[in-house]
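Worksheet: the structure to be examined is printed underneath.
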Protein chains: 2
Amino acid sequence: MILYDMEKAPNARRVRWFLAEKGITVETRQIDLPSGENLKPEYLAINPRGLIPTLVLDDGTVIDESVSICRYFEEVQPEPNLLGFDAKEKALIDCWQRRAELDGLYAVALAFRNSTPVFANRAVPGVLEPTEQLQAMVERGVMLTRRFFDMLDTRLGESEYVGSDRFTIADITAFITLNFARWIKLSPGEQHTNIARWFEAVAARPASKA
Amino acid sequence: MILYDMEKAPNARRVRWFLAEKGITVETRQIDLPSGENLKPEYLAINPRGLIPTLVLDDGTVIDESVSICRYFEEVQPEPNLLGFDAKEKALIDCWQRRAELDGLYAVALAFRNSTPVFANRAVPGVLEPTEQLQAMVERGVMLTRRFFDMLDTRLGESEYVGSDRFTIADITAFITLNFARWIKLSPGEQHTNIARWFEAVAARPASKA
């Protein structure tokens, strides 16, 4: 089993953190995104979209979506549980994982990919055709990220963790979104006291360094 | 239990189809998206993002992401299985569900929301701040949708169904994406013979009319 990984990439970090929480070690190969190694024929033969991370099982099966890779390991090694125990908890954790991803991580990525020089003409991840960077998308990404901070703070005023009353995959996605947001120079404000309380608790987990 | 629904909305249809495959009936309330009923205080009190569908359980729990609602019902009533049996199948179906959604449905939605007059200043779904429609996003959505058709056809040349060798949630998302694409006047081409074979088989399922 091989995990194609890149140290700094937010999606790759989601998987490494998930594995660290479970104490699972997997052989990894580093792929350099900024230089475009992910778009070279060798890697495209493994993942035609050129996205990272990708997990290749011993039988050759390719699992190429971060959350799906986590789902695989949750099934293979259920403890500690990170995706929920029963129908209701599984659905709620999935809801909040998706919100953190779709409303948070994607918003930051939108601003980041449309503004960072290294991604000129590669504004849309996983798309091989040239895609121009657009200032309007930077502004939209910033607006959506700020909105996500507000939503996350409200949630963390009602719940100790993002997806449940305990640490789950939703916290991994939300925490990585906040770290990623620093790349576009955005952070929660002083008014987001619930985020501050939660951020400190999550940052203290050893697996957060994975 | 109440499902907030809208007959024509692609995401709402995903859930109705999933329920119909399992033979589950849920009380529904119709919310009218084009007139903005989803943005009125009554609905925002249930779903602050103003998105449809939303499932409210008898204990008041709100599940407001389509795929998470499906996940809830898969746990409550596992048969017929639509999300996978073992670790590998679950991960692969999840991968393809996500591809169909992120690379397909979202691409069509990008073009649709940025071009349809009724969504002027509501280009980003689930965002209450005004978001201007942008021609560049229509073009990007069209490019990504065409790319999705090619990817889907390649997949269906290797596999009878999208996520597995049998009908699963990934087929629901992909099929609804193709129907939704007609709203922006895009359809697979004559070269996409694998899509044509699969589309006919899926369209014949009684639950596809849900």
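Restricting attention to the range A:164-171, does a residue exist that is within 26 Å of A:Lys90 (Cα to Cα), β-branched (Val, Ile, Thr), touching a residue at least 12 places away in the same chain (Cβ under 8 Å) and not in a helix (DSSP H, G or I)?
Going through the range A:164-171, the residues within 26 Å of A:Lys90 (Cα to Cα) turn out to be A:164-171.
Subsequent filtering for residues that are β-branched (Val, Ile, Thr) retains A:168-169.
Next, from what is left, pick out any that are touching a residue at least 12 places away in the same chain (Cβ under 8 Å): A:168-169.
Keeping just the survivors that are not in a helix (DSSP H, G or I) gives A:168.
For the range A:164-171, residues within 26 Å of A:Lys90 (Cα to Cα), β-branched (Val, Ile, Thr), touching a residue at least 12 places away in the same chain (Cβ under 8 Å) and not in a helix (DSSP H, G or I): present.
Inside the range B:146-161, can you point out the residues that are buried (at least 19 other Cβ atoms within 10 Å of the Cβ) and within 12 Å of chain A (Cβ to nearest Cβ)?
Once the filter is applied, which keeps residues that are buried (at least 19 other Cβ atoms within 10 Å of the Cβ) and within 12 Å of chain A (Cβ to nearest Cβ), the range B:146-161 yields B:Arg147, B:Phe148, B:Arg155.
Out of the residues in the range B:58-98 meeting the condition of being among the aromatic types (Phe, Trp, Tyr) and within 22 Å of A:Val62 (Cα to Cα), tell me which one is farthest from the chain's Cα centre (by Cα). Break it down stepwise before answering.
Here is the first cut: in the range B:58-98, the residues among the aromatic types (Phe, Trp, Tyr) are B:72-73, B:85, B:96.
Within this subset, residues satisfying the condition of being within 22 Å of A:Val62 (Cα to Cα) are B:85, B:96.
Working: B:Phe85: 22, B:Trp96: 13 Å.
My answer is B:Phe85.
Determine if the range A:128-143 includes at least one residue that is within 21 Å of A:Leu51 (Cα to Cα), touching a Leu at 6+ places or on another chain (Cβ under 8 Å), part of a loop (DSSP other than H, G, I, E, B) and within 13 Å of chain B (Cβ to nearest Cβ).
Within the range A:128-143, one or more residues are within 21 Å of A:Leu51 (Cα to Cα), touching a Leu at 6+ places or on another chain (Cβ under 8 Å), part of a loop (DSSP other than H, G, I, E, B) and within 13 Å of chain B (Cβ to nearest Cβ).
Return the residues of the range B:93-126 that are under 21 Å from A:Glu75 (Cβ atoms) and touching a strand residue (DSSP E or B) at 6+ places or on another chain (Cβ under 7 Å); say none if nothing qualifies.
Answer for the range B:93-126, where residues must be under 21 Å from A:Glu75 (Cβ atoms) and touching a strand residue (DSSP E or B) at 6+ places or on another chain (Cβ under 7 Å): just B:Cys95.
Within the range A:70-91, work out how many residues are of a type outside the set (Asp, Glu) and more than 7 Å from chain B (Cβ to nearest Cβ). Walk me through how you get there before you give the answer.
Quick first cut of the range A:70-91, residues of a type outside the set (Asp, Glu) only: A:70-73, A:76-78, A:80-85, A:87-88, A:90-91.
Remaining after also requiring more than 7 Å from chain B (Cβ to nearest Cβ): A:70, A:73, A:77-78, A:80-85.
So the count comes out to 10.
Does B:Met143 satisfy being buried (at least 21 other Cβ atoms within 10 Å of the Cβ), out of contact with any Pro (no Cβ under 8 Å at 6 or more places or on another chain), free of Cβ contacts under 8 Å to residues at least 60 places away in the same chain and among the aliphatic types (A, V, I, L, M)?
Working: buried (at least 21 other Cβ atoms within 10 Å of the Cβ): no; out of contact with any Pro (no Cβ under 8 Å at 6 or more places or on another chain): yes; free of Cβ contacts under 8 Å to residues at least 60 places away in the same chain: yes; among the aliphatic types (A, V, I, L, M): yes.
Judged against the criteria, B:Met143 is not a match.
Can you name every one of the strands (runs of 3 or more DSSP E) wholly within the range B:1-107 that holds 2 or more residues which are free of Cβ contacts under 8 Å to residues at least 60 places away in the same chain and among the charged types (D, E, K, R)? Walk me through it before giving the result.
Numbers: elements: B:2-5, B:27-30, B:54-56.
Ranges flagged: B:27-30.
This table checks each residue for (1) in contact with an Asp or Glu (Cβ under 9 Å, 6 or more places away or on another chain); (2) surrounded by fewer than 24 Cβ atoms within 10 Å (Cβ to Cβ); (3) among the basic types (Lys, Arg); (4) outside the structural domain of B:Ser164 (by TED's automatic domain parsing).
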site: B:Thr54; (1), (2), (3), (4): yes, no, no, yes
site: B:Asp58; (1), (2), (3), (4): no, yes, no, yes
site: B:Ser68; (1), (2), (3), (4): yes, yes, no, yes
site: B:Leu82; (1), (2), (3), (4): yes, no, no, yes
site: B:Arg99; (1), (2), (3), (4): yes, no, yes, no
site: B:Leu102; (1), (2), (3), (4): yes, yes, no, no
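State which residue is farthest from the chain's Cα centre (by Cα) when the search covers only the range A:11-46 and only residues that are buried (at least 17 other Cβ atoms within 10 Å of the Cβ) and modelled with pLDDT under 95.
If we take residues in the range A:11-46 being buried (at least 17 other Cβ atoms within 10 Å of the Cβ) and modelled with pLDDT under 95, then A:Asn38 is farthest from the chain's Cα centre (by Cα).
Suppose we filter A:Ala91, A:Ala136 for residues that are among the small types (Gly, Ala, Ser) and surrounded by fewer than 22 Cβ atoms within 10 Å (Cβ to Cβ); which single one remains? Working first, answer last.
Numbers: A:Ala91 fails: surrounded by fewer than 22 Cβ atoms within 10 Å (Cβ to Cβ).
When all the criteria are applied, what remains is A:Ala136.
Considering the range B:108-126 alone, what residues qualify as being assigned to a loop (DSSP other than H, G, I, E, B) and crowded, with 17+ Cβ neighbours inside 10 Å?
B:Asn114, B:Ser115, B:Ala123, B:Val124, B:Pro125, B:Gly126
Look through the range A:112-126, keep the residues that are under 17 Å from A:Asn47 (Cβ atoms) and within 18 Å of the chain's Cα centre (by Cα), and return whichever of them is farthest from the other protein chains (Cβ to nearest Cβ).
If we filter the range A:112-126 for residues that are under 17 Å from A:Asn47 (Cβ atoms), which is where we start, we get A:122, A:124-126.
Then keep just the ones that are within 18 Å of the chain's Cα centre (by Cα); that gives A:124-126.
Working: A:Val124: 7, A:Pro125: 10, A:Gly126: 8 Å.
This residue is A:Pro125.
The values are calculated or read from the model by the stated rules, or taken from the named source; none is laboratory data. Keep in mind the model is a prediction, meaning the values are calculated, not measured. Please note: Cβ atoms are built from the backbone with ideal geometry, for glycine as well, and neighbour counts cover all protein chains shown.
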